[in-house]
């Protein structure tokens with residue numbers, strides 16, 4: 001009899017504890033909070049949008065307003081350094097109308113001219129000098145590793161891990177590429193062929209920095225300066241800037 | 001041995017046949033190798049063999065042009081310069097309307113080279129006709145079974161509990177009947193209600209009942225405090241997502257840097273969930289056709305407004321509503337760029353090794369994070385204040401290395417106060433974040 005009472009009690013206790021445990025193991029629930037009204041902001045914060053308007057939750061709005069494209073013609077603040085601000089002003093070349101269907105660039109201002117061809121003479125406004133060159137190229141390599149390397153490969157030969165794993169095909173080799181640096185910029189900014197537009201995730205300064213690194217991949221002497229301070233590859237510093 | 005003229009002629013003839021055959025085989029091998037090389041160098045950026053991409057698929061294109069009534073040799077002219085071909089041949093002019101993207105001119109390619117390319121392309125098998133083997137099909141089934149077992153476990157216990165209660169009641173009833181039947185003083189026994197009887201029983205076994213109640217009360221208290229401690233513990237939070245996104249495939253196998261998709265991590269407070277155009281940078285080509293994950297990629301196409309058949313964007317977009325996994329309360333300020341750029345903290349310190357994460361993202365328990373090589377080992381639960389504070393107390397700040405002006409200035413001032421500097425270093429030989437104000441309330445709460 002005694003044994004039975006013990007078994008009954010321990011059995012009940014075990015059942016209860018397991019039941020309680022199973023309540024909190026739902027991975028879809030973030031669990032209990034101390035004071036939800038202090039934790040959850042009615043204002044919209046990036047990617048945390050509870051769809052709350054004046055104390056009421058709007059399910060249809062939940063999470064939809066927080067990740068939006070900035071309004072047209074707004075310019076991000078880049079500080080007060082005039083050369084930097086000039087570099088960061090919107091890209092003066094426009095996409096062609098065809099970019100709507102090929103690269104999804106709806107709602108832009110379009111150009112009827114073949115701007116890719118026109119970009120042939122655009123020059124990198126980020127000038128390299130004997131003192132700044134290596135720092136810019138190091139930054140360029142860092143950006144390239146994060147943004148380009150998975151397709152274009154560490155050496156720029158078009159054999160990135162994505163291509164080697166068989167997931168993606170048709171990435172060109174930088175060596176022998178017909179594009180000039182102005183056309184590289186246009187292609188990175190608005191996309192070209194299968195490559196998407198990267199203007200939304202890289203700013204102009206970053207793209208020009210990456211282009212310096214791409215040119216180093218094409219020519220190992222690019223951006224190197226000899227003892228007298230003259231560029232080894234002649235085209236490094238050009239005074240005609242493109243913006 | 002003498003050989004007649006005719007015999008020797010025959011022999012030479014057969015030898016010549018062999019030589020020609022070998023030569024032909026060698027040449028065709030050479031031609032196909034040449035075709036493959038040229039295709040990959042010149043065409044593969046825009047064309048695929050059996051699938052439309054930036055340009056149309058190239059398999060059977062020669063036959064198609066011939067069947068479509070193209071002029072003789074017009075296809076070679078097209079490759080050299082499509083505009084010349086379009087001006088000369090109405091079929092080529094029709095072809096030029098396939099896409100608004102103009103084909104590059106390849107004036108250097110000779111007729112034989114173009115033939116080599118197209119012959120190589122035609123010799124390639126169509127991957128769509130090769131039956132795909134669903135990878136990991138068995139694994140997936142196994143995983144579901146495990147989940148089902150875990151689910152059913154709690155039901156087993158519930159059913160067992162109910163059976164226990166029923167058994168207790170039944171035995172109690174039988175006991176009562178037996179007692180009534182054997183009772184000497186029926187009138188007295190008749191008077192006792194269930195409650196009275198239970199009390200009598202409890203009194204009889206008062207030691208045992210007391211001990212058991214003590215255990216129950218203590219365990220209830222422990223349970224209460226445990227559940228109180230679990231309030232606001234986010235560990236294990238793994239919300240379901242609109243698209244089952246495997247990080248292991250993207251960041252692991254395909255080697256995409258975290259910063260490509262979460263590209264504001266070095267610039268902004270938030271690491272950002274990629275907008276769908278970033279997905280489309282790769283998925284414009286990778287449509288997963290014939291794979292088990294194709295329906296997931298269809299959702300991206302619906303969100304981006306990509307018409308896969310027509311190979312064009314329709315402009316009808318619909319945002320993907322992802323569920324944020326690592327959510328901090330509103331009264332906590334956390335800045336990604338400060339930690340990633342200035343602090344030099346790797347993503348995996350807080351988010352775990354995403355290159356191995358085959359499921360959707362989740363808040364990794366601190367034990368999992370501690371297993372990762374190079375991580376600062378912490379004891380408090382992930383995403384709690386204790387966890388932040390603990391790390392601020394352990395993480396050394398690289399001051400005075402000339403990389404960060406703010407810390408260089410701190411270093412300069414510290415050097416003027418050797419006593420304080422020595423005090424900072426004495427505890428652990430390094431300057432940690434808390435010694436530079438990392439434990440100030442207003443660092444994160446304002």
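No value in this document is a laboratory result; all are computed from the given coordinates. Here the structure is a predicted model, which is why all the values come from computation and not from measurement. Ideal geometry is used to build each Cβ from the backbone, glycine not excepted, and the neighbour counts take in all protein chains shown.
Placing a pseudo-label 7 Å from each Cα along the Cα-to-Cβ vector at residue B:441 and residue A:155 gives an inter-label distance of 5.9 nm.
For A:40, B:412, the sequence from fewest to most other C-beta atoms within 10 Å is B:412, A:40. In chain B, the longest principal axis of the Cα atoms and the axis of helix B:137-182 are about 20 degrees apart. Among B:446, B:205, the order by Cβ neighbours within 10 angstrom, fewest to most, reads B:446, B:205.
Rounded, prolate or oblate: pick one for chain B, where a ≥ b ≥ c are the square roots of the eigenvalues of its C-alpha gyration tensor, a/c under 1.5 means rounded, and failing that, prolate if a/b is larger than b/c, else oblate. Because a/c hits 1.5 or more and a/b exceeds b/c, chain B counts as prolate. Here the gap between residue B:111 and residue B:57, fully extended at 0.36 nm per residue and compared with their Cα-Cα distance, gives a gain of 17.5 nm. Just from its helices, what would the mean residue ellipticity at 222 nm be for chain A, if runs of 4 or more DSSP H residues each count -39500 (n - 2.57) and the sum is divided by every residue, rounded to the nearest 500 deg cm²/dmol? That calculation yields -10500 deg cm²/dmol at 222 nm. Say each of residue B:211 and residue B:415 gets a label point 7 Å from the Cα, pointing the same way as Cα to Cβ; how far apart are those two points in nm? Output for this residue pair reads 7.2 nm. Among B:195, B:290, B:255, the residue with the largest mean-square fluctuation in a Gaussian network model of chain B, with springs joining Cα atoms closer than 10 Å, is B:195.
When the Gaussian network model of chain B links Cα atoms closer than 10 Å, the mean-square fluctuations of B:427, B:80, B:52 top out at B:427.
Using only Cα atoms, find the angle between the long axis of helix B:294-304 and the longest principal axis of chain B, and express it within 0 to 90 degrees, rounded to the nearest 10. Approximately 80 degrees, to the nearest 10.
With the simple spin-label model, which puts each label point 7 Å out from Cα in the Cβ direction, the residue B:253 to residue B:384 separation comes to 3.8 nm.
Of B:433, B:181, B:41, the residue with the greatest mean-square motion in the GNM of chain B, using alpha carbon springs below 10 Å, is B:181. With R₀ fixed at 56 Å, the C-beta to C-beta distance from residue B:316 to residue B:342 puts the FRET efficiency at about 0.85.
Express in nm, to one decimal, how much length is gained between residue A:32 and residue A:112 on full extension, taking 0.36 nm for each residue of separation and deducting their alpha carbon distance. Could the numbers behind the result be given before it?
On the way: separation 80, 0.36 × 80 = 28.80 nm, distance 5.76 nm.
Length gained, residue A:32 through residue A:112: 23.0 nm.
With contacts taken as Cα pairs under 8 Å at a separation of at least 6 residues, chain B carries a relative contact order of 11 percent. Counting only alpha carbon atoms, the long axis of helix A:133-147 and the longest principal axis of chain A meet at about 40°. Distance between the C-alpha centres of the range A:97-140 and the range B:314-335: 30 Å, rounded to the whole angstrom.
Using a Förster distance of 56 Å, how high is the FRET efficiency between residue B:98 and residue B:201, based on the Cβ-Cβ distance and rounded to 0.05?
The pair residue B:98/residue B:201 has a calculated efficiency of 0.05.
Per-residue Cβ neighbour counts within 10 Å put B:82, B:439 in the sequence B:439, B:82, beginning with the fewest. Remark: the protein assembly as shown projects, on average over all directions, an area of 58.4 nm² (convex hull of Cα atoms).
Would you please give the FRET efficiency between residue A:142 and residue B:332, computed as 1/(1 + (r/R0)^6) with r the Cβ-Cβ distance and R0 = 25 Å, to the nearest 0.05? Intermediate values should be presented prior to the final figure.
Values: r = 30 Å, r/R0 = 1.19.
So the FRET efficiency works out to roughly 0.25.
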